[in-house]
């Protein structure tokens with residue numbers, strides 16, 4: 001099957017293509033070079049005047065795993081307002097803040113997204129994450145294994161084990177949990193909460209292990225780098241949501257001593273303490289630091305006004321925030337001496353001072369950071385807003401008038417604390433294609449996705465160039481997944497199973513002897529059962545595991 | 001029975017209760033019979049050591065081929081408006097299939113344990129809770145408060161694996177752990193005796209009065225002083241002392257089994273338990289721990305929740321999922337004549353048989369099940385014995401693979417449901 005996408009305006013930042021009219025050819029799920037004249041083209045799509053990009057990639061979205069399912073179970077009232085009907089093609093389900101898995105897959109695809117990554121896959125809960133992502137159709141997916149508060153790792157740090165041993169453990173975790181990245185949430189803090197510590201700053205010690213978050217960050221960022229894992233250590237910092245946490249965030253940028261760090265949902269970590277209410281925007285300082293520190297990348301975690309639910313591994317701060325929830329309920333868990341979770345429903349309101357300023361802070365960060373290859377478009381779904389609000393967010397970035405109109409409706413005290421209206425920048429289609437395609441693929445380490453070069457997986461989205469960018473991005477004309485037309489006019493027309501992307505860094509398997517002994521002594525599960533097999537992920541004809549290339553050991557420590 | 005090679009399986013996962021012990025050793029003989037040779041409890045032995053019966057599919061009590069039985073089941077479902085899928089004793093992959101079929105035919109779903117599980121679910125949906133998992137308990141608990149249950153009738157190895165374990169991560173003297181039983185009469189508290197012979201504190205009361213006692217304990221922990229000097233036979237001073245010990249504990253765990261709380265509005269008592277835990281967390285650490293679990297109930301709820309947004313009880317009659325833990329009770333729907341066909345599933349347990357009904361009845365059950373009165377009976381293989389599967393533990397955070405230990409001539413639930421769906 002040879003398909004020609006004819007005459008679209010192509011935005012492919014991985015190849016510096018900025019709105020050039022060109023043809024794209026697809027064969028057997030891949031983008032191929034222009035065929036010989038005697039080859040038969042089976043199907044042609046005339047895309048004259050249309051905008052063509054690679055399928056979008058959400059590099060941080062909570063779509064599968066224990067806390068997401070708790071959020072679903074907790075919120076029948078939210079689901080009732082957004083039922084999703086069974087059709088000849090699609091399974092029924094529900095949407096909004098914590099959508100059901102099938103609905104998640106359809107809605108991502110209908111928005112032109114072809115991949116999404118669960119950023120908080122707790123290794124002990126990895127099987128559940130993969131089961132849920134396995135029931136999420138069409139899109140590709142993957143997860144970042146969350147460590148840094150796990151007893152085994154903290155013991156290693158406390159015992160001053162050498163970096164090679166830590167690297168082996170990190171690699172073992174990635175294999176066992178079928179992950180493509182490593183994430184750390186409130187480094188050492190989830191563990192500290194279990195020892196009744198209620199806050200943990202960057203240089204404060206976990207009372208049991210006598211280890212600081214700085215040490216955790218340094219060991220893990222170095223491990224990820226030395227293992228050759230493309231995605232830098234994914235960091236949810238220490239003082240989420242705490243006024244004044246911008247100082248911690250700025251210090252965190254230096255904590256890895258130059259090893260790459262990705263600071264996630266940085267909006268929630270960019271707060272100052274100025275003003276009458278001791279809550280202010282730290283966006284300018286944070287953006288300046290991102291611009292200066294080339295080893296740092298970030299996603300924003302924009303909030304948008306509506307009901308949503310926050311779900312995080314950070315049980316320490318979610319416990320502290322639980323009284324602010326709306327509706328007032330929360331689930332807080334300690335999990336297996338490995339991790340934790342906290343789920344708190346939240347309703348962001350534009351007339352609430354704090355929420356309005358959070359909204360402005362997120363946008364300020366977007367507009368003040370120079371390099372779209374290092375800043376990513378997220379709402380930290382569902383924490384800041386459901387992923388279905390991305391088209392609205394894109395419009396806020398691309399349309400200054402619209403943005404200022406929205407700003408004028410905010411809580412007046414918050415308006416007085418923000419410089420947003422002085423920022424004239426409008427994102428271009430090329431910038432959006434970087435943030436949501438080329439940059440995201442590069443950051444996650446998807447070598448054959450996020451671009452339209454020869455050999456890439458044919459994940460392609462086609463839009464009508466509408467000056468109302470929200471309308472444009474919420475309903476693509478066509479979405480191709482691995483070369484198959486899956487969405488037409490914003491509706492699913494074919495349901496496929498996406499792949500699960502992983503990396504499999506090399507490591508010394510000798511470490512397993514000690515891990516096995518540890519499991520037998522302390523755990524309630526056998527070590528072999530901790531591992532998720534590739535067969536489990538591919539069960540029932542689902543898309544299997546894809547192993548993305550690791551760059552190989554970088555400067556192995558001696 | 002054909003001859004197979006004998007074999008030994010180490011580290012087998014046992015789905016007989018919600019603990020999912022995965023340290024069980026099983027021997028298989030040349031006739032495919034299984035024997036638990038290490039770490040088995042009574043429930044585990046019952047599950048793995050059942051005799052192998054040669055049951056066949058039947059329609060109207062007459063033996064038929066699998067194809068005929070499947071085609072009859074599809075015919076029944078094609079002709080229904082309000083089918084009811086109940087029992088639902090299965091694991092994740094079985095439930096995935098059940099949900100797919102339910103979506104197609106607009107069925108209502110109810111698990112045989114939903115009557116007690118929703119006592120917990122309602123608390124999560126109303127106020128949430130603060131809970132922990134088994135490995136945390138094993139390594140951290142210093143005070144275990146057991147409310148309204150003996151635990152071991154449901155989870156026989158709970159104390160052995162999680163309380164009286166010798167080694168723990170933080171070098172705790174586990175034999176010094178304190179155990180308190182609150183509520184119930186004549187509860188078997190022997191499992192709570194420490195390895196050094198220290199007896200647990202037992203504060204008994206009639207189950208019907210447990211709500212008062214738990215409410216009083218919550219009030220005391222919240223700093224309220226009570227006028228009454230005793231509640232349901234328990235001295236207020238004993239509750240005050242318990243409150244002090246909970247506040248002094250570094251990591252107390254408060255546990256209950258929802259199916260033992262057969263009292264009106266048990267969810268309100270569970271909520272008082274979980275709210276007193278939250279109160280304790282203002283100063284120290286404490287966690288709830290719901291126990292029990294059987295017949296794949298947690299797997300069914302988890303799978304249903306990610307697939308549809310809702311735990312069972314739910315229904316698909318209006319082409320989208322709806323949730324109502326009260327109205328979609330199988331018992332009630334059957335009593336009110338609101339279902340026009342019943343599909344009953346129980347792959348783990350032959351004794352969990354369907355209710356007597358006067359509507360068409362399809363039973364997909366354990367090979368040893370007696371279901372002569374069913375319109376269609378299809379015996380299936382069992383996950384964890386005859387085929388692989390995935391199952392959730394009682395703490396919901398851990399799911400484990402179930403192993404295939406022998407060949408079976410029977411189809412799996414997944415295969416049967418897929419065939420019925422194809423025949424619709």
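Read-outs: derived from the displayed coordinates by stated rules, not from any lab. What you are looking at is a predicted structure, and each value in this text was computed from that prediction instead of being measured. Methodologically, a virtual Cβ is constructed for each residue, glycine included, from the backbone with ideal geometry; neighbour enumeration extends over all protein chains shown.
Cα gyration tensor of the range A:53-492, axes a ≥ b ≥ c as square roots of the eigenvalues: rounded (a/c below 1.5), prolate (a/b > b/c) or oblate? Let's see the in-between values first.
Working: a/c = 1.39, a/b = 1.18, b/c = 1.17.
In terms of gyration-tensor shape, rounded.
Give the order of B:31, B:236, A:136 when sorted by the count of other beta carbons within 10 angstrom, beginning with the fewest.
Working: B:31 12, B:236 17, A:136 26.
By the 10 Å Cβ count, ascending, the order reads B:31, B:236, A:136.
With n ≥ 4 as the cut-off for DSSP H runs, can you work out [θ] at 222 nm for the protein assembly as shown, using -39500 (n - 2.57) per run divided by the number of residues, rounded to the nearest 500?
-9000 deg cm²/dmol
Out of the DSSP beta bridges found with both residues in the protein assembly as shown, what percent are antiparallel (nearest 5)?
Percent antiparallel among DSSP bridges in the protein assembly as shown is about 45.
Given a Förster distance of 60 angstrom, what is the FRET efficiency for residue A:425 paired with residue B:338, based on the Cβ-Cβ distance and rounded to 0.05? Let's see the in-between values first.
Values: r = 60 Å, r/R0 = 1.00.
The calculated FRET efficiency here is 0.50.
Please average, across the residues of B:131-144, the number of beta carbons from any other chain that are within 10 Å of each residue's own beta carbon, and give a whole number. Write out the running numbers ahead of the final one.
On the way: counts 6, 7, 12, 4, 12, 9, 3, 5, 7, 4, 0, 0, 0, 0.
If you average over the peptide's residues, the count of other-chain Cβ atoms is 5.
So if each residue of separation counts as 0.36 nm, and I subtract the Cα-Cα distance between residue B:170 and residue B:351, what length gain in nm does that give?
Between residue B:170 and residue B:351, full extension yields 60.9 nm more.
Would you mind calculating the gained length between residue A:496 and residue A:33 on full extension (0.36 nm times residue separation, minus the Cα-Cα distance), in nm to one decimal? All intermediate terms of the calculation are to be shown ahead of the outcome.
Numbers: separation 463, 0.36 × 463 = 166.68 nm, distance 2.50 nm.
Taking 0.36 nm per residue and subtracting the Cα distance, the gain is 164.2 nm.
In whole angstrom, how far apart do the alpha carbon centroids of the range B:103-164 and the range A:52-105 sit?
26 Å
Under the 0.36 nm per residue contour assumption, what length would be gained going from the current alpha-carbon distance of residue A:447 and residue A:285 to full extension? Display every interim value, and only then the final one.
On the way: separation 162, 0.36 × 162 = 58.32 nm, distance 3.29 nm.
Here the segment from residue A:447 to residue A:285 would lengthen by 55.0 nm.
Set the Förster distance to 51 Å, then compute FRET efficiency between residue A:534 and residue A:198 from the Cβ-Cβ distance, nearest 0.05.
The pair residue A:534/residue A:198 has a calculated efficiency of 0.80.
Which percent, to the nearest 5, of DSSP beta bridges fully inside chain A are antiparallel? Let's see the in-between values first.
Working: 42 of 76 bridges.
Of the beta bridges lying entirely in chain A, close to 55 percent run antiparallel.
Relative to the longest principal Cα axis of chain B, at what angle does helix B:92-105 sit, 0 to 90 degrees, rounded to 10?
In chain B, helix B:92-105 runs at an angle near 60 degrees to the longest axis.
In peptide A:191-203, what is the residue-averaged number of other protein chain Cβ atoms found within 10 Å of each Cβ? Spell out each step's value before the answer.
Values: counts 0, 0, 2, 9, 5, 6, 1, 0, 0, 0, 0, 0, 0.
Partner-chain Cβ atoms within 10 Å, mean over residues of A:191-203: 2.
Give me the distance in nm between label points sitting 7 Å out from Cα along the Cα-to-Cβ direction at residue B:63 and residue A:274, one decimal.
A separation of 8.6 nm, rounded to one decimal place.
Among B:151, B:394, B:227, which one shows the highest mean-square fluctuation when chain B is modelled as a Gaussian network with alpha-carbon springs under 10 Å?
Largest GNM mean-square fluctuation: B:227.
Which translational diffusion coefficient, to the nearest whole µm²/s, is obtained for the range A:1-135 from the Stokes-Einstein equation, given a Kirkwood hydrodynamic radius over C-alpha pairs, 10 °C and 1.306 mPa s?
Working: Rh = 17.7 Å.
The diffusion coefficient I find is 90 µm²/s.
Test of understanding: ordering B:41, B:14 by Cβ neighbours within 10 Å, fewest first, what list do you get? Walk me through the numbers on the way to the answer.
Working: B:41 21, B:14 26.
Arranged by neighbour count, lowest to highest, B:41, B:14 become B:41, B:14.
So if R0 is 25 Å, what FRET efficiency would residue B:409 and residue B:359 give, r being the distance between their Cβ atoms, rounded to the nearest 0.05? Could you put the intermediate results ahead of the total?
Numbers: r = 31 Å, r/R0 = 1.23.
Result of the calculation: an efficiency of 0.25.
Which of B:160, B:295, B:267 moves most in a GNM of chain B, Cα contacts under 10 Å?
Highest fluctuation among the options: B:160.
Can you tell which of B:106, B:79, B:40 shows the greatest fluctuation in a Gaussian network model of chain B with Cα springs below 10 Å?
B:79
Compute the Cα gyration tensor for the range A:314-365, then decide on rounded, prolate or oblate, letting a ≥ b ≥ c be the square roots of its eigenvalues: rounded whenever a/c is under 1.5, prolate when a/b is larger than b/c in the other cases, and oblate in all that remain.
Numbers: a/c = 3.81, a/b = 1.84, b/c = 2.07.
Taking the square roots of the gyration eigenvalues as a ≥ b ≥ c, the range A:314-365 is oblate.
Evaluate the distance, in nm, between pseudo-label points positioned 7 Å from the Cα of residue A:454 and of residue B:126 along their respective Cα→Cβ axes.
6.7 nm
At q = 0.15, 0.20 Å⁻¹, what is the log10 ratio I(q)/I(0) for the range B:118-291, with the Debye formula run over Cα points and no solvent?
At q = 0.15, 0.20 Å⁻¹ the computed log10 ratios are -0.80, -1.50.
In nm, give the distance between the simple-model label positions of residue B:248 and residue A:160, each being 7 Å from the Cα along the Cα-to-Cβ direction.
Between residue B:248 and residue A:160, the simple spin-label model gives 3.8 nm.
Roughly how tilted is helix B:236-248, in degrees to the nearest 10 and between 0 and 90, from the longest Cα axis of chain B?
Its long axis makes an angle of about 80 degrees.
When A:130, A:451, A:86 are ordered from fewest to most other Cβ atoms inside 10 Å of their Cβ, what list results? The partial results should precede the final answer.
Working: A:130 30, A:451 25, A:86 19.
Result, fewest neighbours first: A:86, A:451, A:130.
With a/c under 1.5 counting as rounded, go ahead and sort the protein assembly as shown into rounded, prolate or oblate using the C-alpha gyration tensor (a ≥ b ≥ c being the square roots of the eigenvalues; past the cut-off, prolate if a/b is larger than b/c, else oblate).
Working: a/c = 1.60, a/b = 1.20, b/c = 1.33.
Taking the square roots of the gyration eigenvalues as a ≥ b ≥ c, the protein assembly as shown is oblate.
Averaged across B:99-106, how many Cβ atoms of other chains sit within 10 Å of each residue's Cβ atom? Walk me through the intermediate numbers first.
Numbers: counts 4, 1, 0, 1, 6, 3, 0, 2.
For this peptide, the per-residue mean of nearby foreign Cβ atoms is 2.
Roughly what angle does helix B:210-221 make with the longest principal axis of chain B, taking Cα atoms, 0 to 90 degrees, to the nearest 10?
Roughly 50 degrees, rounded to the nearest 10.
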